[in-house]
Amino acid sequence: MGLISHFMNHKTLYVHWGFIQMSISNAIIIVLMFGLFLAALLLPFPHEAKRDSGELDQQSAQEAGGAQT
Amino acid sequence: MRRQELAELESAPWTGRTRRYDLVKEGVVACLVITVAVVALATFFGSPDDAQITFKKWAISAPSDFYTTTVHELAGTSESAGYGAPYNTASVGVNLGPLYLARLAGVTHPVDTVNDFVIRPLSAFNDTPKIAAGLALWRSADSKTQIDWASNYETALAKADQDPTKVSTGSYGPVPELASGLVAMAKSGLLDGVLLSQGNYFQNDNTKQTLFLGDGKYFNDQSTAAHLQGDTWGMMNETGRYPGQAWLWLYSFWYQISPFNNGDNHPIGANADAYIMVIMGLLSLGLVLMPLIPGVRSLPRKIPIHRLIWRHYYQEENL
Amino acid sequence: MSNDLHDKNRELWTARLRKSWQKNLPIEKLLPDVQPAYVASWIYTFGVATLASLGVIIFSGLILAFEGPSWYHLSRAGHFVNSLHFWSVQLFFIFMVIHLWGKFWMAAWRGKRLMTWMTGGVAFVASVATAFTGYLVQTNFDSQWISFEAKDGFNSVGIGAWFTVTNLGQQLLLHVAFLPMILGLITVIHVLLVRAKGVVPPIDAFDRGSATTNNSERRNP
């Protein structure tokens, strides 16, 4: 049993919007998905700036033999 | 630039700037992170597991509903009795315009609600003289007489507001005894085993039980209480406060709108299941073939979310 | 003599397969240690997150399969494994859909990558089907109701004549054996296509002005 299984095994609330009805848990999942998508687009990702790694990239490209990655 | 030329360039090996990439490490890290997340979710939330509904539970919790459903089965007026293919030929089934696909596929899973749900199971419970006599009387009559008895009793029971003690006298044959016998059999727990086994030792097909269960109000009421009915987006929902199959949102959507929710008296409403299956099949095909659909395939250019994804590249290349 | 042997080998199916494999998916592409510099966004992690979730699904599913479909109702350990299976499925679909969104907005089918998109789309549909059979074999109230309702959909188009959602035995075998095999195969093909074709270059990398028709030309004028 989960730590809050007792809480989870009761009737849930529903979000109503016109003809749309969604359980709170499903609504949380969907909002979370949009949030994750936005976060993935906006959060900075570690990358090597062009001017600092030009030589390294040339060497890597040669090692890869131009293999597509 | 011509499309073919661009395709050649975009498919050619990348000869521009590269970066170090550890594919195996990425996979291992992903597995570790996801495993930790799943273990945490499982430990904290657990998972849904609402207990199965047995015939014993049904008969004890709602004996009147069970009794009435049994009478409907004997009268041949239950939903299962009149379903059509693949269970019987009582109805032509749903159609897509001129196409009756279910009927075309045929009766591959025959179900006889009178004998499969009532008479044969009761034969294993005929210890009491009343039930034994009732079964003997039933079997001695021809099918027209059997239907007349059951229909008469069904009508009289409805007039008495489903209360057998208030039913007026009439020509009902052994129907009241058979119905009350099946209620007793269900309450004892014996009906569950007998309905599943159908006389066999090994059995794993629950079709007959599911059809019988669905003919009653009790099963449907439990589902309504759990918000699982199709017309309340039930397909997406789960029991309790757990998330359901949210990915079925589009399949569930069609059941909420006209003309699919117009009810059984309208041609599309009455056949909504078939129309929606076809729509979802086409949309699934559309998803797979999306790059070939004009208009849709050019949306990424029109709504430039890609400028966010590749912003560093565009900045560095002054694009 | 070695030339004759070489000529003879070229006609063999095995040789043809080996050469095609070496040409399209050499080991350097299968296990690279470089990737294009434009692969620099968190959106790229959702594919591997989906695969990792699938791994947990399969692992927890194997335990459930070994113990039988009723075990998890009767045992705390069983309930925990069922919970692992339940939440890994939720994460699997979350990550897969976000991965699909990302790939759509990248128009990732460009550059002769149509099959990569199509196998991904088929994988999504196959995942929905596999999950559906899973919900049918829970052996609890939810599976009773889902089978009761779903039968109408499949019966309505004739599929119910052989795909019997109320037949626990059939659905269990489909869920545990047949569909995971199909999904696994499609997933492997999809991932190998990504490796073979490479990550799609940015939109307009090759189509914006004469100064930027090819990145290598800019770096090596």
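Bear in mind that the values in this text are calculations on the coordinates, not laboratory data. Worth saying up front: this structure is predicted, and the values here are computed from it rather than measured. Ideal geometry is used to build each Cβ from the backbone, glycine not excepted, and the neighbour counts take in all protein chains shown.
Amide H contacts for B:Thr18 (H built 1.01 Å from N in the peptide plane; partners 5 or more residues away or on another chain; cut-off under 5 Å): C:Ala37.
For the residues of B:141-147, the average number of beta carbons from a partner chain within 10 Å of their own beta carbon is 0. In the elastic network of chain B, a GNM with C-alpha springs shorter than 10 Å, the most mobile of B:Leu32, B:Leu248, B:Leu282 is B:Leu32.
Note on the range B:37-71 and the range B:262-319: Cα centroid distance 38 Å, given to the nearest whole angstrom. Using the Cα gyration tensor of the range B:1-149, with a ≥ b ≥ c the square roots of its eigenvalues, what is the shape: rounded (a/c below 1.5), prolate (a/b larger than b/c) or oblate (neither)? In terms of gyration-tensor shape, oblate. Proximity of backbone amide H atoms, modeled 1.01 Å from N, is registered between C:Val34 and B:Tyr21 at under 5 Å, excluding neighbours fewer than 5 places apart on the same chain.
Rounded if a/c is under 1.5, else prolate if a/b beats b/c, else oblate: with a ≥ b ≥ c from the C-alpha gyration tensor eigenvalues square-rooted, which is the range B:237-288?
oblate
The tail of the calculated P(r) for the range C:107-200 beyond 21 Å holds 44 percent of all Cα-Cα pairs.
Determine, for each peptide in B:182-188, B:313-319, the mean count of other beta carbons within 10 angstrom over its residues, then list the peptides with the highest first. Spell out each step's value before the answer.
Values: B:182-188: 21.0, B:313-319: 16.9.
With the highest mean Cβ count within 10 Å placed first, the list reads B:182-188, B:313-319.
Each residue of the range C:57-62 is assigned a 3J(HN,Hα), and the resulting list reads 4, 5, 4, 5, x, 5 Hz, derived from the Karplus form 6.51 cos²θ - 1.76 cosθ + 1.60 (θ = phi - 60°), x at Gly and Pro. Residue pairs exceeding 30 angstrom between C-alpha atoms, taken from A:Lys11/B:Lys57; A:Lys11/C:Lys151; C:Lys103/C:Lys151; B:Lys217/C:Lys151: C:Lys103/C:Lys151.
Write down Rg/Rh for the protein assembly as shown, rounded to two decimals, with Rg from the C-alpha atoms and Rh from the Kirkwood relation over Cα pairs.
Details: Rg = 30.1 Å, Rh = 27.9 Å.
Using Cα coordinates only, the ratio equals 1.08.
For B:Gly84, the amide hydrogen comes within under 5 Å of the amide hydrogens of B:Ala90, B:Ser91, counting only partners 5 or more places away or on other chains and with H modelled in the peptide plane. Helical runs assigned H by DSSP (4 residues or longer) give chain B a calculated mean residue ellipticity at 222 nm of -15500 deg cm²/dmol, each run adding -39500 (n - 2.57) before division by the residue total.
Work out the mean other chain Cβ neighbour count within 10 Å for the residues of A:35-46 and drop it here as an integer.
Numbers: counts 0, 9, 10, 1, 2, 12, 12, 4, 3, 5, 10, 2.
Taking all residues of A:35-46 together, the mean is 6.
Counting only other chain Cβ atoms within 10 Å of each residue's Cβ, the peptide A:9-16 averages 4. Pairs of Cα atoms in chain B fall into 10 Å distance bins, from 0 up to the last occupied one, in shares of 5, 16, 22, 20, 14, 9, 7, 5, 2, 0 percent. Report note on the peptides B:233-246, C:70-83: ranked by the mean count of other C-beta atoms within 10 Å, highest first, their order is B:233-246, C:70-83. Histogrammed with a bin width of 10 Å, the alpha carbon distances of the range B:55-225 distribute as 10, 37, 37, 14, 2, 0 percent, first bin at zero.
Once divided by 2.2 N^0.38 Å, the Cα radius of gyration of the range C:41-106 becomes 1.35. Dimensions of the range C:78-137 from C-alpha coordinates, computed as largest minus smallest value along each principal axis and given longest first, are 47, 18, 11 Å. Over all Cα atoms in the range B:176-295, the spread is summed up by Rg and Dmax: 19.9, 67 Å.
Applied to the range B:23-28, the Karplus parametrisation 6.51 cos²θ - 1.76 cosθ + 1.60 on θ = phi - 60° returns per-residue 3J(HN,Hα) values of 5, 5, 5, 4, x, 5 Hz, with x for Gly and Pro.
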